[in-house]
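Before any comments, here is the structure.
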Number of protein chains: 2
Amino acid sequence: MADTAAAADAADTRSDGAENSAPVPERLLTAATRLFAERGVERTSVQELVDTAGVTKGAMYHYFASKEDLLFAVYQRVLAMQMRRLEERAQAGGPVRERLHEAAADVVRTTVENLDDMVIYFRSLHMLSPERQSEVRGERRQYHERFCELIEEGQRQGVFRTDVPSDIVANQYFGAVHHLGMWYRSAGELGGADIGGYFADLLLSELRPG
Amino acid sequence: MADTAAAADAADTRSDGAENSAPVPERLLTAATRLFAERGVERTSVQELVDTAGVTKGAMYHYFASKEDLLFAVYQRVLAMQMRRLEERAQAGGPVRERLHEAAADVVRTTVENLDDMVIYFRSLHMLSPERQSEVRGERRQYHERFCELIEEGQRQGVFRTDVPSDIVANQYFGAVHHLGMWYRSAGELGGADIGGYFADLLLSELRPG
DNA sequence: ACCAACATACCGATTGGTCGGTTCCGGCCG
DNA sequence: CGGCCGGAACCGACCAATCGGTATGTTGGT
């Protein structure tokens, strides 16, 4: 995320001044993601936000209707990314065990790589308006159901146990993934891929029949 | 803070009026737990809070130094309860598989029974001062380690698999438990005991060797 | 000339917290 | 027994500060 900003900076043709030449909305998204995750939405004033992004209040309110609108944009970005990645894995070829393992490990990797997004996600939902909360929950539900379908596919094939509802398994798994934001620190010796591997192994162990 | 509760309790012999005769600090804790979980800490003004509790601002600031102090008291209450219950289960007799199953199912039950506390817990940590965040994390860490010890006990006995660190398993499990606050609604047909049973079964499946 | 893209100064509303006062109750003294 | 007293419990009007949002102005490209 930070490197993309750097890449955009380097790739940008016009070299106005010194740095931060990424488009303003993107700069705001980046700054908001960092500050909202660090101090929380309410503890981040609009002034701090625009200062960090290197723009002015007027610029921000030109692109976003409100502070909440900006928060919502953060949600939309992360939701779209997750759904896209899951769909890619689910539709790939190969046995369902492998596809589920890959999808499960991948969501951990991307979560670790975008920890800020996930911290915001599961901490600040209540800061959105009720309608937008519903919208986010709706999209999240689709994601959840897509994951469930994968499990049920394996259950029908007889490679996964059937005495536990797929719903329970999926909720348990995503709970663990969301929780990463509370304990995972990149300082640890375990990388996202390591933890993803462990988590996915544990998931398949759970689903082993018999 | 604690001594005032004792004093208020001792003085509360009279039965004034109709209802809500609980001591003032307790009333504030109850109101805060509900409102903080419903609307979030920042969205709850002190005025709303004291109105809900049926007391005045002066009364609140007599018992709590600040709004944050009240939030901290909520954390302390839930932390103490969880640690006590885990210790009871861990120290009970019987095979480690049964003790772990019982402890795992119990934490789900108590989480469901005190959903408001848990919603606050994993959503509002950042509203505390850095020192108090550390204190909460420290207590939580003790809890976590106590749970890990239980797993490791089973690993040494050979009844649990050893190719996954106990730390990972515990983090994954508590992640799932914390996440309950985001999807569990008592309207569902599944009660806390049901989900606790499922979760604990899944945990033991994960740990099954081979 | 016109419009999108910004910049800047400013405002109304709200909020956490304070502070001087009042009530109530148990204990102590005469 | 009764009057007094000290402090804990509690009240509620008030404040300083902050914040999200806006209104108006300016610029640069087409």
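The values are calculated or read from the model by the stated rules, or taken from the named source; none is laboratory data. No experiment lies behind these values; they were computed from the predicted model shown. Here Cβ is always computed from backbone atoms with ideal geometry, including for glycine, and neighbour counts include all displayed protein chains.
What the table shows:
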item: Of the criteria (1) basic (Lys, Arg); (2) more than 16 Å from DNA strand C (Cβ to nearest atom); (3) without any contact (Cβ under 8 Å) to a residue 60 or more places away in the chain, which one B:Arg140 fails; result: (3)
item: Conditions (1) of a type outside the set (Asp, Glu); (2) surrounded by 21 or more Cβ atoms within 10 Å (Cβ to Cβ); (3) farther than 19 Å from B:Arg85 by Cβ; (4) at the interface with another protein chain (Cβ under 9 Å from one of its Cβ atoms); number of the one not met by B:Leu203; result: (3)
item: Scan of region B:25-37 for residues that are over 16 Å from the mean Cα position of the chain (by Cα) and over 12 Å from B:Thr52 (Cα atoms), ordered by number; result: B:Pro25, B:Glu26
item: Single unsatisfied condition, B:Val96 versus (1) in contact (Cβ under 8 Å) with a residue 24 or more places away in the chain; (2) within 16 Å of DNA strand C (Cβ to nearest atom); result: (2)
item: Residue in region B:35-74 that is nearest to B:His101 (Cα to Cα), counting only those that are away from DNA strand C (no atom under 12 Å from the Cβ) and within 14 Å of chain A (Cβ to nearest Cβ); result: B:Ala37
item: Residue within region A:186-196 that is under 16 Å from the mean Cα position of the chain (by Cα) and surrounded by fewer than 19 Cβ atoms within 10 Å (Cβ to Cβ) present; result: yes
item: Residue in region B:118-126 that is over 18 Å from A:His179 (Cα atoms) and either in the same structural domain as B:Met182 (by TED's automatic domain parsing) or within 15 Å of DNA strand D (Cβ to nearest atom) (or both) present; result: no
item: Region B:172-185, residues that are facing chain A (nearest Cβ under 7 Å) and either surrounded by fewer than 19 Cβ atoms within 10 Å (Cβ to Cβ) or farther than 14 Å from B:Gln82 by Cβ (or both); result: B:Gln172, B:Gly175, B:Ala176, B:His179, B:Met182, B:Trp183
item: Matching residues in region A:110-140 - criterion: being of a type in the set (Lys, Arg) and crowded, with 19+ Cβ neighbours inside 10 Å; result: A:Arg123, A:Arg140
item: Wholly enclosed helices (runs of 4 or more DSSP H) of region A:26-94 bearing at least 2 residues more than 12 Å from DNA strand D (Cβ to nearest atom); result: A:46-53, A:67-91
item: Residue within region A:20-33 that is more than 12 Å from DNA strand C (Cβ to nearest atom), at pLDDT 95 or above and within 14 Å of another protein chain (Cβ to nearest Cβ) present; result: no
